[in-house]
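Enquirer: Here's a structure for you.
The values are calculated or read from the model by the stated rules, or taken from the named source; none is laboratory data. Just so it is clear, the model here is predicted, and its values are computed rather than measured. Neighbour counts run over all protein chains shown; Cβ positions are idealised from the backbone, glycine included.
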Amino acid sequence: MAEGKWLVLVVRVPSGPSRHRVAVWRELRRVGALSLGQGAWAVPDVPGFAGGVARVAELAERGEGEVITLDAAERDGSRLAELFTAEREEEWTEFVADCGKFDAEIDKEIRIGKFTMAELEEEEQSLERLRRWHRELKARDVFGAPSAAEAEQRLKHCGERLADYTEQVFQALHQM
C-alpha cells in the first residue's frame, strides 16, 4: 500500500425505501470500511478493497443513489490507519471469542459422549465458518492488528480439536 493512501467514499442514497440504504451500509461494514461521519467512509487504497467499493457503488445506484470516490492522503500522520486497525482489532477479538465457543462446544460433546456423524458434520461446518471468517478478516487487516497472530493460533487449535473429535467419533462408530 502506498503509505497513507486512502479512498474516501461519499455515499448518498435516498432515505426510502430503507432497504437500499441498509444494503449499502451492510456492504460497507462487510468490506471493513471506516465510517468518517454521515455518509463518508474510508478504505485503504489497495486492490483488495476495489471489489467492495464497486459493490457499494452498484448497491447505491440500485437505490437511485450514488457514491463519489475520492483519492485521499492524510496530512498529519496515520490516524486513519490507527482507527482502521482498531476496528480490525475488535473483529479479531470477536473471532478469538468464537474460537473459544467452538472449543467449549467440542468439550461439551466429548463430555456427554455425543459421537455421531451428524454432530461431526455440524462441527465441521462451524470450523469452516471460522476459516472463512478468518480469511475475510485477514484480507481486510492490511495494517496488521495485534490480535491477528493470536487468532491464527486459535484457529489452528480449533482445527486440531476437530481432528481429535473426528478420531473419537470414528472410534465410537466402529465399536458398534
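Enquirer: Tell me yes or no: at least one residue of region 52-62 is assigned by TED's automatic domain parsing to the domain that holds L9 and closer than 22 Å to A145 by Cβ.
Expert: Here is the first cut: in region 52-62, the ones assigned by TED's automatic domain parsing to the domain that holds L9 are 52-62.
Right, trim to closer than 22 Å to A145 by Cβ and you get 52-53.
The answer is yes, given that some residue of region 52-62 is assigned by TED's automatic domain parsing to the domain that holds L9 and closer than 22 Å to A145 by Cβ.
Enquirer: Can I ask one more? Output the residues belonging to region 116-158 that are of a type in the set (S, T, N, Q), in a helix (DSSP H, G or I) and within 22 Å of Q171 (Cβ to Cβ).
Expert: Selection gives Q125, S126.
Enquirer: Let me ask you something else. For residues that are loosely packed, with under 14 Cβ neighbours inside 10 Å and at positive phi, tally how many sit in region 37-55.
Expert: Total satisfying the criteria: 1.
Enquirer: Taking region 133-148 on its own, how many of its residues are among the hydrophobic types (A, V, I, L, M, F, W, C) and farther than 19 Å from L83 by Cα?
Expert: Going through region 133-148 one residue at a time, the tally reaches 1.
Enquirer: Hey, another quick one. Checking the structure you have, find out if any residue of region 63-84 is surrounded by 13 or more Cβ atoms within 10 Å (Cβ to Cβ) and of a type in the set (K, R).
Expert: No, the conditions are met nowhere in region 63-84.
Enquirer: Just give me the residues in region 1-36 being of a type in the set (D, E, K, R) and crowded, with 18+ Cβ neighbours inside 10 Å, in sequence order. First the steps, then the outcome.
Expert: Let us first name the residues in region 1-36 that are of a type in the set (D, E, K, R), namely 3, 5, 12, 19, 21, 26-27, 29-30.
Hits for region 1-36 are R21, E27.
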